[in-house]
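K.L.:
Here it is, the structure in full.
The values are calculated or read from the model by the stated rules, or taken from the named source; none is laboratory data. If you're wondering where the values come from, they're calculated on a predicted model, not measured in any experiment. Note: ideal-geometry Cβ built from the backbone for every residue, glycine included; neighbour counts use all protein chains shown.
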Amino acid sequence: MKTKLYEINFQEANKFLNFKFDDQLTQIKIEDSYYKVQALLKKRNWLNLVGNRFSWLFIRDLIELYRQTFSPMSVVSIINEIEILENVVEYKSLTGKPKILKGEHLKGLKKKHYHQDSIKSFKKNCLDEINKTTVQKKIREEASELEKLQGKEITIYQVLTILGKNLWTPYIDRLAPEKNIYKKHLTGEWIIYYENEGLNYYLALWEHDLDDSIKAQQIKLFCTQEFPKLQILKHLD
């Protein structure tokens, strides 16, 4: 059925996605997100990219993500990162290198950050910047220099301008790594996958503040039957 991902309707797909609905409005919103994700995957030649090496949980997580963010950008970011992992493009990743998960419940699986189009992601990346001692020092120095120059306290507008220069501008630069202006990677949420015999199997999405034991059980429930040869899935707690 995965080979028909571009054509099957939501009712057919939900036999595998296993969404449950508390009300009709929720069902309508999830169904709408399903068709938008389906169209986007088709446009990006998803099946040619990964074949059947993706789980229905992964698609379910894409649908949930689409509902939670501002635009298709987060799903596009995930596809971009997977294109890099599959070595079919040469552009630079917005985020850091893949790592092996070391937590108790997902140990042995791999993670790759992707940039999420959300207030939480923006806040996380800006806090990552402002927590640097060097950035804090630079902001203080620029504010002090401006106060001396004009002979009075700086205005709120001027404070925001200085903060924007030192927080917003680096963030924007990191969204365009091809410029080589700012080489630090963005942080973000995770693509969870497993590498087996040189091939990547894309299992799920995960966020930093979620319970990894719950995600492990989801992966085990969805993926063990889909990928019976991946023995590691049977050992997830």
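K.L.:
Residue by residue through the range 7-35, note down the ones that are surrounded by fewer than 16 Cβ atoms within 10 Å (Cβ to Cβ), part of a helix (DSSP H, G or I) and charged (D, E, K, R).
P.N.:
The answer is E12, K15, K29, D32.
Each row is one residue, and each column tells you yes or no for (1) among the hydroxyl-bearing types (S, T, Y); (2) buried (at least 20 other Cβ atoms within 10 Å of the Cβ); (3) more than 19 Å from L17 (Cα to Cα); (4) more than 16 Å from the chain's Cα centre (by Cα).
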residue: L49; (1), (2), (3), (4): no, no, yes, yes
residue: T69; (1), (2), (3), (4): yes, no, yes, no
residue: V76; (1), (2), (3), (4): no, no, yes, no
residue: E81; (1), (2), (3), (4): no, yes, yes, no
residue: K102; (1), (2), (3), (4): no, no, yes, yes
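K.L.:
If the requirement is being at pLDDT 80 or above and closer than 15 Å to Q116 by Cα, which of these qualifies: E226, E207, E197? Spell out the reasoning first.
P.N.:
On the way: E226 fails: closer than 15 Å to Q116 by Cα; E197 fails: closer than 15 Å to Q116 by Cα.
Being at pLDDT 80 or above and closer than 15 Å to Q116 by Cα holds for just one of E226, E207, E197, which is E207.
K.L.:
Based on what the data block shows, is D61 touching a residue at least 60 places away in the same chain (Cβ under 8 Å) and out of contact with any helix residue (DSSP H, G or I) (no Cβ under 7 Å at 6 or more places or on another chain)?
P.N.:
Working: touching a residue at least 60 places away in the same chain (Cβ under 8 Å): yes; out of contact with any helix residue (DSSP H, G or I) (no Cβ under 7 Å at 6 or more places or on another chain): yes.
So D61 fits the description; yes.
K.L.:
In the list S71, S33, S55, which residue meets the criterion of being of a type in the set (S, T, Y) and in contact with a strand residue (DSSP E or B) (Cβ under 7 Å, 6 or more places away or on another chain)?
P.N.:
Numbers: S71 fails: in contact with a strand residue (DSSP E or B) (Cβ under 7 Å, 6 or more places away or on another chain); S33 fails: in contact with a strand residue (DSSP E or B) (Cβ under 7 Å, 6 or more places away or on another chain).
On inspection, the qualifying residue turns out to be S55.
K.L.:
Could you please tell me which pairs satisfy a Cβ distance under 8 Å, a separation of 6+ or placement on different chains, a first residue in the range 209-235 that is closer than 22 Å to E189 by Cβ and assigned by TED's automatic domain parsing to the domain that holds K110, and a second residue that is of a type in the set (F, W, Y) and in a helix (DSSP H, G or I)?
P.N.:
Taking only residues 6 or more apart or on different chains, the pairs are F222/W56.
K.L.:
Kindly list, by first and then second residue, each pair from a residue in the range 16-38 that is more than 23 Å from V76 (Cβ to Cβ) to a residue that is crowded, with 16+ Cβ neighbours inside 10 Å and β-branched (V, I, T), limited to pairs with Cβ atoms under 9 Å and residues at least 6 apart or on different chains.
P.N.:
F16/I59; F21/I30
K.L.:
Scan the range 201-223 for residues that are farther than 16 Å from L62 by Cβ, surrounded by fewer than 23 Cβ atoms within 10 Å (Cβ to Cβ) and of a type outside the set (D, E) and jot them down. Lay out the reasoning, then the answer.
P.N.:
Looking only at the range 201-223, we keep the residues that are farther than 16 Å from L62 by Cβ, and these are 208-209, 211-214, 216-217, 220-221.
Filter once more, so that each one left must be surrounded by fewer than 23 Cβ atoms within 10 Å (Cβ to Cβ): 208-209, 211-214, 217, 220-221.
Of everything in the range 201-223, those that are farther than 16 Å from L62 by Cβ, surrounded by fewer than 23 Cβ atoms within 10 Å (Cβ to Cβ) and of a type outside the set (D, E) turn out to be H208, S213, I214, Q217, K220, L221.
K.L.:
Give the range 98-131 a look and list any residue that's modelled with pLDDT of 70 or more, assigned to a loop (DSSP other than H, G, I, E, B) and either more than 20 Å from V76 (Cα to Cα) or of a type in the set (G, A, S) (or both), or say none.
P.N.:
Those that are modelled with pLDDT of 70 or more, assigned to a loop (DSSP other than H, G, I, E, B) and either more than 20 Å from V76 (Cα to Cα) or of a type in the set (G, A, S) (or both): L101, K102, G103, E104, H105, L106, K107, G108, L109.
K.L.:
Just one of I79, I84 is in contact with a Lys or Arg (Cβ under 6 Å, 6 or more places away or on another chain), modelled with pLDDT under 95 and within 27 Å of N196 (Cα to Cα); which is it? Break it down stepwise before answering.
P.N.:
On the way: I84 fails: in contact with a Lys or Arg (Cβ under 6 Å, 6 or more places away or on another chain).
Unique residue meeting the criteria: I79.
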